[in-house]
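> Have a look at this one.
Please treat every number below as a calculation from the coordinates, not as lab data. Remember, predicted model here, so these are calculated numbers, not experimental data. Positions of Cβ are generated from backbone atoms using ideal geometry, with glycine treated the same way; all protein chains shown enter the neighbour counts.
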Amino acid sequence: MLKFYTKIIAGVDNAIIYQSLALLLFVLFFLGVIFIVMNKPKNYYSDMSNLPLEDNQQRTNNINTK
């Protein structure tokens, strides 16, 4: 299977640019996700982790009190 992709990539002009661009986009996306996760307040995750354990009445009360 890898030989199939190698033949396709070998036939493309400037393949190294596309490969580098794909790697750069992946790294930027990964760093963006980490940045978003790290900037959320800690209580956001504790609230989200308790949502499956609460019933609708408790959830409604928590939303109304905030």
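> Provide the per-residue ³J(HN,Hα) series for the range 33-44, in order, calculated from phi with Karplus coefficients 6.51, -1.76, 1.60 and θ = phi - 60°, each as a whole number of Hz, with x at glycine and proline positions.
Residue by residue, the range 33-44 yields 5, 4, 4, 5, 5, 6, 8, 6, x, 5, 5, 4 Hz.
> Then there's this: Mind giving me the FRET efficiency for Ile17 and Lys40? R0 is 35 Å, r the Cβ-Cβ distance, nearest 0.05 is fine.
The formula returns an efficiency of 0.50 here.
> In addition: Which shape class applies to the range 1-49: rounded if a/c is under 1.5, otherwise prolate when a/b exceeds b/c and oblate if not, where a ≥ b ≥ c are the square roots of the Cα gyration tensor eigenvalues? Numbers along the way, then the final one.
On the way: a/c = 8.82, a/b = 3.08, b/c = 2.86.
Prolate is the answer for the range 1-49, as a/c is 1.5 or above and a/b outweighs b/c.
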